[in-house]
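The values are calculated or read from the model by the stated rules, or taken from the named source; none is laboratory data. This is a predicted model, so every value here is computed, not measured. Using ideal geometry, Cβ is built from the backbone for each residue, glycine included, and neighbour counts are taken over all protein chains shown.
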Amino acid sequence: MGFWQRLFHRLRKTFTGTNSNADWAERIEEWLISTDVPLDLVETLAQQVEKQCRSTSPDEYIACWRAQLLAIFQNAQPTQDPATLIERYKPTVYLFVGVNGTGKTTSVARFAHLLQTRYPDSRPLLVAADTFRAGAQEQLAIWANRLNLPIIQGQYGQDPAAIAYQGLHKAQTQNLDAVLIDTAGRLHTRQPLMDQLAKIVRVLKKLDESAPHITFLVIDATTGQNGIRQAEVFSQYLPISGIIATKMDGTTRGGILLGIVHQFRLPVFYVGTGERATDLMPFSPEEYIQALLPAPHQWETQPTAQP
């Protein structure tokens with residue numbers, strides 16, 4: 001069952017038998033909380049809807065809720081598609097950060113493929129600056145081979161900032177279009193590792209004061225409320241540009257994205273929906289909200305997805 005279909009299917013069952021705004025509000029709140037939307041945000045949204053929506057029409061009442069949800073993303077609209085920055089900077093430096101297991105390395109590869117697709121003449125450089133996790137260097141090298149892209153690798157235990165420096169220097173001297181830097185997954189509670197990320201940024205600025213041009217925080221959409229804490233700590237150490245949400249592939253609730261965007265005004269740039277190079281899609285707030293809270297008349301007409 002697909003992610004959006006699963007949300008729709010559960011939502012339709014949740015709202016069966018609802019007849020009043022009070023019932024709608026209670027059930028919508030329960031539903032949003034179950035999808036990992038933070039409780040305080042749900043309560044705030046409920047108060048706003050209560051003030052602004054007087055209609056007892058199910059369609060209009062749901063529309064009020066959807067408008068409030070959509071406004072959260074509209075308040076954090078990205079100023080530019082990250083991929084298009086290669087038209088402005090050469091090389092454009094993309095830094096990928098996040099905790100262990102979020103899918104950073106795969107996200108690096110998928111974003112490289114996205115650049116290749118949009119700009120067929122471009123040649124991104126992959127930089128394996130994860131010198132901590134066993135197999136990380138090899139994993140990115142496999143992707144580089146599949147995508148026919150150059151890669152900079154180091155030795156395990158080597159200073160990752162030195163590898164990042166080497167990668168940017170190579171891109172500058174060989175006139176490459178972009179540098180995609182994979183970093184080690186690190187617990188946001190480990191200050192020495194977080195300090196290491198800050199060092200990578202300082203070293204990059206020795207070669208290009210404007211680098212990194214984009215810093216992606218890769219968030220596992222299944223992480224739940226811990227995603228808020230991740231965004232908070234990484235933002236303290238780095239100028240985070242926005243989010244790549246991974247594992248939005250069929251079982252993910254993904255409601256935590258609302259909480260992160262609301263609290264930190266960080267845009268969600270992309271969602272990862274699988275493990276293939278093509279499984280990185282631009283995030284659409286409208287589609288996300290529409291799937292989360294479909295119009296009532298769609299509940300009975302939408303085919304029920306099979307598990």
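Would you check which residues across segment 123-139 are over 18 Å from Leu204 (Cβ atoms) and crowded, with 20+ Cβ neighbours inside 10 Å and list them? Steps first, please.
If we filter segment 123-139 for residues that are over 18 Å from Leu204 (Cβ atoms), which is where we start, we get 123, 132-139.
Once the filter is applied, which keeps residues that are over 18 Å from Leu204 (Cβ atoms) and crowded, with 20+ Cβ neighbours inside 10 Å, segment 123-139 yields Ala136, Gln137.
Taking (1) modelled with pLDDT of 85 or more; (2) out of contact with any Cys (no Cβ under 9 Å at 6 or more places or on another chain); (3) β-branched (Val, Ile, Thr) in turn, Ile62 satisfies each apart from (1).
Scanning segment 131-147 for any residue that is farther than 19 Å from Thr117 by Cα, among the aromatic types (Phe, Trp, Tyr) and out of contact with any helix residue (DSSP H, G or I) (no Cβ under 7 Å at 6 or more places or on another chain) turns up at least one such residue. Here Leu45, Leu7 are screened, and the one residue that is at pLDDT 80 or above, buried (at least 19 other Cβ atoms within 10 Å of the Cβ) and not small (Gly, Ala, Ser) is Leu45.
Do we have any residue at all in segment 211-228 that's assigned by TED's automatic domain parsing to the domain that holds Gly103, among the charged types (D, E, K, R) and surrounded by fewer than 19 Cβ atoms within 10 Å (Cβ to Cβ)?
First pass over segment 211-228, keeping only residues assigned by TED's automatic domain parsing to the domain that holds Gly103: 211-228.
Checking the rest, the ones that are also among the charged types (D, E, K, R) come to 220.
This time we only want the ones that are surrounded by fewer than 19 Cβ atoms within 10 Å (Cβ to Cβ), so: none.
No, every residue in segment 211-228 fails to be assigned by TED's automatic domain parsing to the domain that holds Gly103, among the charged types (D, E, K, R) and surrounded by fewer than 19 Cβ atoms within 10 Å (Cβ to Cβ).
Taken over segment 212-230, the criterion of being closer than 24 Å to Thr84 by Cβ and out of contact with any Lys or Arg (no Cβ under 6 Å at 6 or more places or on another chain) is satisfied by Pro212, His213, Ile214, Thr215, Phe216, Leu217, Ile219. If only one of Leu147, Leu204, Leu238 is within 23 Å of the chain's Cα centre (by Cα), more than 30 Å from Leu258 (Cα to Cα) and not assigned by TED's automatic domain parsing to the domain that holds Leu39, which one is it? None of the others qualify; the one that does is Leu147. I'm checking my understanding of the structure. Among residues of segment 29-83 that are in contact (Cβ under 8 Å) with a residue 24 or more places away in the chain, of a type in the set (Ser, Thr, Tyr) and in a helix (DSSP H, G or I), which one is nearest to Ala109 (Cα to Cα)? The qualifying residue nearest to Ala109 (Cα to Cα) is Ser34. State yes or no: is Thr215 closer than 30 Å to Thr35 by Cα, of a type in the set (Ser, Thr, Tyr) and in contact with a helix residue (DSSP H, G or I) (Cβ under 7 Å, 6 or more places away or on another chain)? For Thr215, the condition - closer than 30 Å to Thr35 by Cα, of a type in the set (Ser, Thr, Tyr) and in contact with a helix residue (DSSP H, G or I) (Cβ under 7 Å, 6 or more places away or on another chain) - is not met.
Of Arg186, Arg202, which residue is modelled with pLDDT under 85 and of a type in the set (D, E, K, R)? Before you say what the answer is, go through the steps one by one.
Details: Arg202 fails: modelled with pLDDT under 85.
Going through Arg186, Arg202 in turn, the sole match is Arg186.
Once segment 148-171 is narrowed to residues that are buried (at least 17 other Cβ atoms within 10 Å of the Cβ) and among the hydrophobic types (A, V, I, L, M, F, W, C), the residue that is nearest to Leu95 (Cα to Cα) is Ala164.
On the basis of being modelled with pLDDT under 90, assigned by TED's automatic domain parsing to the domain that holds Arg229 and in contact with a helix residue (DSSP H, G or I) (Cβ under 8 Å, 6 or more places away or on another chain), does Tyr156 make the cut? Criteria met by Tyr156.
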